[in-house]
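To start, the structure itself, in structure tokens.
Values in this text are rule-based calculations from the coordinates and carry no lab data. Just so it is clear, the model here is predicted, and its values are computed rather than measured. FYI the Cβ positions are ideal-geometry reconstructions off the backbone, even for glycines, and counts take in every protein chain you see.
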Amino acid sequence: MSEQFWPEWAQHWQHHPLKGFLLSFLEGTGPFRLLVGQFMLAGTVFVDPTKTDRWLAAAEILEDDDKSHAFASMLKEETPAMSTDELLIGLVFFLITAVLILTMTLRQKRSGITPSFRKIAALARFKRAVSLSVEEGSRIHISLGNASITLPASASAFVSLAALRRISQLSSEGDNPPIVTSGDAVLSILSQDTLHETARESHTLDLYNSTLAALAGVTPLAYVSGALEQVNEEEVKTNVLIGNYGSEVGFLSTAAAEKGAYTLAASDALPAQAVLYATTEQPLIGEELFALPAYLHSTPMHSASLQTQDLLRGLLVLIMLVGAMLKLLGAV
Amino acid sequence: MRSPLVPLFGFLVGTVILAGYFFPGSGIAVIRTPMLDWAVILSGVAGLIAIVHLIFGVHWRRLRDPERNHLFSFLIIISFLLTLAAGIFFGPTNKVYQKVVTEIQMPIEASLMAVLAITLAYSSLRLLQRQHNWMGFVFFVSVVVFLLINSGVFSYFANVPFIQPLLSGVSQVPIAGARGILIGVALGSLVTGIRIWIGSDRPYNG
């Protein structure tokens, strides 16, 4: 029970100037720390009754070596260390994936045959929507989500940037270049860079300006509030919501639906996928987000990585089925 | 023409970071940690640039555009300048400053979440209008079934044989589905990471 306050305390102390001092105290003062813990326990009666739980939780950290080291690890943002076997399995899996992608890419380049993938109705409709937007001179709004490139959800951010590049290439014949909103600073700078590069390649630099790609907000709800303004712009007839979101993406998808605009939506987060399924006509579910670059612009590398993804998924399903059967039979 | 040096540099840095992850006890970790710290510092600087761009690049420009509504841009610029000035004057760790900022931000975000709940409930009612297919029907039925299960209404039938095991078995189904989706997402993230590592996908120019 006493550990319920740890995340809050860790979050506070991680950015505190005295963090180093606290870490030294927790890890290096041994009996002195224990003594302070005992004094704290003895002084509980003098503490404000509404804060007794917190006081006792802090005293427990000081009097218990294991708790003290566990809290110090949390303070240092240390995740529990993986065992050598787990790291080795991870490394082997990573290398197998890399080798498979490279081998399949080389094979496709040599044979010149591009594999065919199942049709995703949402993407076929999206390509039509882009063509229509170019013809009628309307604008496409691309929302890249909140994923920070320094966090594990960065893969969705990179996919959204790859999709942005392709979409801006597809719409470069129109008079109105796409507008881009993002919820992360680095992502917004990279999106500006992508739009600028595409404009340079397509000789449409006169249509480009830096306000086309901007940070809309730094918290998920602030971001959605900022991006809503673009969804509601009169000239925006197509919305692309790709990246990492929470359930707040419902504001964007619902606003787009109310306006009658076409929406292509995909997220790597489960709550957002559920919300998008309920609020848009044809959302991309699960790994379909990561298939987007291959469907929008198929290069041998993209096709090979999609094939590798399918192969590995089949392999994992097989391993899980065999494991379940062995467990049922009592062999494991 | 794009320089081959940039992806090569990216590949080398990526290799060092990966090696430091897979061999934590080796000397590579000594190089990896400062590299990650640099990335965090750069990300902080990018945050500053992006916010300045939002305020002075986007909203300041809108104020000068006669065809646009100026009210929100004006409010954003004023709020930003006030918060910035107070932050510089009192310091970002000042408790009163933090409390004022939090007490403004929290109620606004809580209200938005409340509005979101109503928006989603209304939108879900129109689910079958959008999804004219079997999956839409299954999704709708699943939502109703799990709302009922989680409401605790079945606790009145706890003494009926087979109800408890049946409910606990059904409760596992969404977990299995979520794991299936997450495996797909994890594999997608892995192949995307490899494409960026080897320089095939380049989210940067240069």
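Pulled fully out, how much extra length does the chain show between residue A:233 and residue A:118, if you take 0.36 nm times their separation in residues and subtract their Cα-Cα distance? Don't skip to the end; give the middle numbers.
Numbers: separation 115, 0.36 × 115 = 41.40 nm, distance 3.44 nm.
Net length gain for the segment: 38.0 nm.
Taking every Cα atom in the stretch B:1-90, find the radius of gyration and the maximum pairwise distance Dmax, and write them in Å.
Spelled out, the Cα radius of gyration and Dmax of the stretch B:1-90 are 20.9, 61 Å.
What ³J(HN,Hα) values, in whole Hz, does the Karplus curve 6.51 cos²θ - 1.76 cosθ + 1.60 give for the stretch A:222-238 when θ = phi - 60°, with x put for Gly and Pro?
5, 4, 5, 4, x, 6, 4, 4, 6, 4, 7, 4, 4, 7, 7, 10, 9
Pairs A:67/B:95; A:119/A:259; A:67/B:99; A:19/B:95; A:51/B:95: which exceed 23 Å Cα-Cα?
Values: A:67/B:95 28 Å; A:119/A:259 27 Å; A:67/B:99 30 Å; A:19/B:95 18 Å; A:51/B:95 19 Å.
Violating the 23 Å Cα-Cα cut-off are A:67/B:95; A:119/A:259; A:67/B:99.
What FRET efficiency comes out for the pair residue A:34/residue B:106, r = Cβ-Cβ distance, R0 = 41 Å, nearest 0.05? Write down the numbers at each step before the final one.
On the way: r = 38 Å, r/R0 = 0.94.
Efficiency at R0 = 41 Å is approximately 0.60.
Sum -39500 (n - 2.57) across every DSSP H segment of at least 4 residues in chain A, then divide by the residue count to get the 222 nm mean residue ellipticity, nearest 500. Can you show the working numbers first?
On the way: 14 runs with 203 residues, N = 332.
Mean residue ellipticity, 222 nm, calculated: -20000 deg cm²/dmol.
For chain B, what is the calculated [θ] at 222 nm in deg cm²/dmol (nearest 500), taking -39500 (n - 2.57) for each run of four or more DSSP H residues and dividing by its residue count?
Numbers: 8 runs with 155 residues, N = 206.
Dividing the helical sum by the residues of chain B leaves -26000 deg cm²/dmol.
Consider just the alpha-carbon atoms of the stretch A:40-185 and return their Rg together with their Dmax, both in angstrom.
Using the Cα atoms of the stretch A:40-185, the pair Rg, Dmax is 27.0, 80 Å.
Could you list log10 I(q)/I(0) for chain A at q = 0.08, 0.10, 0.13 Å⁻¹, which the Debye formula gives when each Cα is one point scatterer?
Summing over Cα pairs of chain A leads to -0.56, -0.79, -1.03.
Angle check, please: helix A:84-111 long axis (alpha carbons) against the longest principal axis of chain A (alpha carbons), in degrees 0 to 90, nearest 10.
10
If neighbour count is taken as other Cβ atoms inside 10 Å, put A:193, B:201 in order from fewest to most. Let's see the in-between values first.
Details: A:193 16, B:201 22.
Listed from fewest to most nearby Cβ atoms, that is A:193, B:201.
At 0.36 nm per residue, and after removing the present C-alpha to C-alpha distance, how many nm does the segment from residue B:129 to residue B:164 gain when stretched out fully? Display every interim value, and only then the final one.
Details: separation 35, 0.36 × 35 = 12.60 nm, distance 3.45 nm.
Going from the current span to full extension adds 9.1 nm.
Percent antiparallel among DSSP beta bridges with both residues in the protein assembly as shown, to the nearest 5? Intermediate values should be presented prior to the final figure.
Working: 0 of 19 bridges.
Antiparallel: roughly 0 percent of the beta bridges in the protein assembly as shown.
Mind pulling the angle between the C-alpha long axis of helix A:52-63 and the longest principal axis of chain A? Nearest 10 degrees, somewhere in 0 to 90.
Its long axis makes an angle of about 80 degrees.
Please find the FRET efficiency linking residue B:36 to residue B:156, where r is the Cβ-Cβ separation and R0 is fixed at 60 Å, and quote it to the nearest 0.05. Spell out each step's value before the answer.
Numbers: r = 54 Å, r/R0 = 0.90.
Taking R0 as 60 Å, the efficiency between residue B:36 and residue B:156 is 0.65.
Would you please give the FRET efficiency between residue B:11 and residue A:25, computed as 1/(1 + (r/R0)^6) with r the Cβ-Cβ distance and R0 = 56 Å, to the nearest 0.05? Present the calculation step by step, with values, prior to reporting the outcome.
On the way: r = 42 Å, r/R0 = 0.76.
Computed FRET efficiency for residue B:11 and residue A:25: 0.85.
Return one number: the angle in degrees, 0 to 90 and rounded to the nearest 10, between the long axis of the Cα atoms of helix B:163-197 and the longest principal axis of the Cα atoms of chain B.
Its long axis makes an angle of about 30 degrees.
Once both labels are modelled 7 Å past Cα along the beta-carbon direction, what's the residue A:318-residue B:94 spacing in nm?
6.5
Multiplying the sequence separation of residue A:135 and residue A:200 by 0.36 nm and subtracting their Cα-Cα distance, what value in nm do you get?
Working: separation 65, 0.36 × 65 = 23.40 nm, distance 2.14 nm.
Residue separation times 0.36 nm, minus the Cα-Cα distance, leaves 21.3 nm.
Beyond 19 Å, what share of the Cα-Cα pairs of the stretch A:120-297 is found? Please give it as a whole percent.
Details: 7920 of 15753 pairs.
In whole percent, the share of Cα-Cα pairs in the stretch A:120-297 beyond 19 Å is 50.
By average Cβ neighbour count within 10 Å, what is the ranking of A:253-263, B:27-37 from highest down? Provide the component values of the computation, followed by the final result.
Details: A:253-263: 19.6, B:27-37: 12.7.
Highest to lowest by the protection proxy: A:253-263, B:27-37.
Hey, could you grab the Kirkwood Rh for chain B? Inverse mean 1/r over distinct alpha carbon pairs, Å, one decimal.
Details: mean 1/r = 0.0416 Å⁻¹.
Mean inverse Cα-Cα distance, inverted, gives 24.0 Å.
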